[in-house]
1. Can GLY139 be described as in the same structural domain as CYS195 (by TED's automatic domain parsing), surrounded by fewer than 14 Cβ atoms within 10 Å (Cβ to Cβ) and of a type outside the set (Phe, Trp, Tyr)?
2. Are there any pairs with C-beta distances below 7 angstrom linking a residue in segment 97-113 that is within 19 Å of GLU124 (Cβ to Cβ) to a residue that is assigned to a helix (DSSP H, G or I), with the two at least 6 apart or on different chains, and if so which?
3. Please find, among LYS109, LYS133, LYS87, the residue that is open to solvent by 60 Å² or more (accessible area, probe 1.4 Å) and within 20 Å of CYS155 (Cβ to Cβ).
4. Keeping to segment 72-117, report how many residues are under 30 Å from CYS7 (Cβ atoms) and outside any helix (DSSP H, G or I).
5. Looking at the structure I just gave you, is LEU206 within 16 Å of the ligand (Cβ to nearest atom) and under 30 Å from TYR174 (Cβ atoms)?
6. Is it fair to say PHE180 is over 18 Å from the mean Cα position of the chain (by Cα) and crowded, with 17+ Cβ neighbours inside 10 Å?
Amino acid sequence: MNGRHPCIWCTWDNRRGLDSVQWEERSSAHHLEMFQNLQDMYQGDSKNHAIDCDGIEDRQALNVWLVDFMQMFNLPELHLLLGIGQKLYDAILITMSEDEKEHHEAILKKLNIHRSAYHGGAFEGNAMRKITKEVLELGFPKSNSSYITLVKFRCVVDSCFGKHIKGDFKMAIYHFEQTFKQSGLSCSTKVHVLCRHLIPFSTKHLPDGMGLGSVSEQAFESALSRFGRVWETRYKCQEENEKFPECLLNTVSDVNFVNFINKS
Ligand SMILES: [Zn+2]
């Protein structure tokens, strides 16, 4: 893909900057083209299976399915947090002196914030949450433009990355975008997604007052784990059992009921 990272919701890609131009929302034709590109990429690669678009005769049905499929995509809260947080953190760190870095490392240790043993020592979810939360106390140079942008990012995380919206998250995104532009950093796909797609996504797909955390990767994993628990402890039976469909339905119903109570 020549280092090109396209946005999956619109026709923007990371060769473009973060500006106010509204990029075209992806249509089913775009999705089909994307799948065909993937098919080309994977051809001859034994580790991946080619995505067989040619074998599908009813293209119209595929298009409709792809649009439905794309609408099911949630904005990935954890990836946005890690991608944008790490980008800003790295940009601050390269401007710091050895003494400042040493002081900063001591603070991280005191706050029990650790780097991952993998991914080149990047931070994982909980560590990055702590970094954004404690950003004012981490010994960063206060006049650094990436630091100021990370402080604004904290406001975005606070206002809409949790289960519920707090305060004016649209204004928080607006302020983040303004400071990001002034920082001179290149615009990654995740920054574009945050600035251009988070507000429309929330308006269109999230119930009033609910934040991105309500549909995060962890939220899905926790729902899946709850489903497994309910199935194992209350309804589990063999597929051949005539009550199998009823047991499955009861499990879904119980899990949905608990989710409903938790959200109320
Ligand atoms: Zn986009």
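1. Here the answer is no, as GLY139 does not meet what is asked.
2. Listed by first residue and then by second, the contacts come to ILE107/GLU137; LEU111/LYS130; ILE113/ALA127; ILE113/LYS130; ILE113/ILE131.
3. So the residue among LYS109, LYS133, LYS87 that is open to solvent by 60 Å² or more (accessible area, probe 1.4 Å) and within 20 Å of CYS155 (Cβ to Cβ) is LYS133.
4. Result for segment 72-117: 8.
5. Criteria not met by LEU206.
6. yes
Condition check ((1) at pLDDT below 85; (2) surrounded by fewer than 14 Cβ atoms within 10 Å (Cβ to Cβ); (3) under 15 Å from LEU81 (Cα atoms)) across all residues:
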residue	(1), (2), (3)
CYS195	no, no, yes
LEU198	no, no, yes
ASP208	no, yes, no
GLU221	yes, yes, no
ARG234	no, yes, no
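Residues checked against (1) in a helix (DSSP H, G or I); (2) farther than 18 Å from HIS79 by Cβ; (3) free of Cβ contacts under 8 Å to residues at least 24 places away in the same chain:
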| site | (1), (2), (3) |
| --- | --- |
| LEU150 | yes, no, no |
| CYS155 | yes, yes, yes |
| GLY167 | no, yes, yes |
| MET171 | yes, yes, yes |
| TYR174 | yes, yes, yes |
| THR179 | yes, yes, no |
| CYS195 | yes, no, no |
| PHE201 | yes, no, no |
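The values are calculated or read from the model by the stated rules, or taken from the named source; none is laboratory data. Computed from a prediction, not measured in an experiment: that's the story for all the values here. Neighbour counts are summed over all protein chains in view; Cβ atoms, including those assigned to glycine, are modelled from backbone coordinates with ideal geometry. These accessible areas exclude ligands, DNA and RNA; they are computed on the full protein's heavy atoms, side chains included. Shrake-Rupley method; radii C 1.70, N 1.55, O 1.52, S 1.80 Å.
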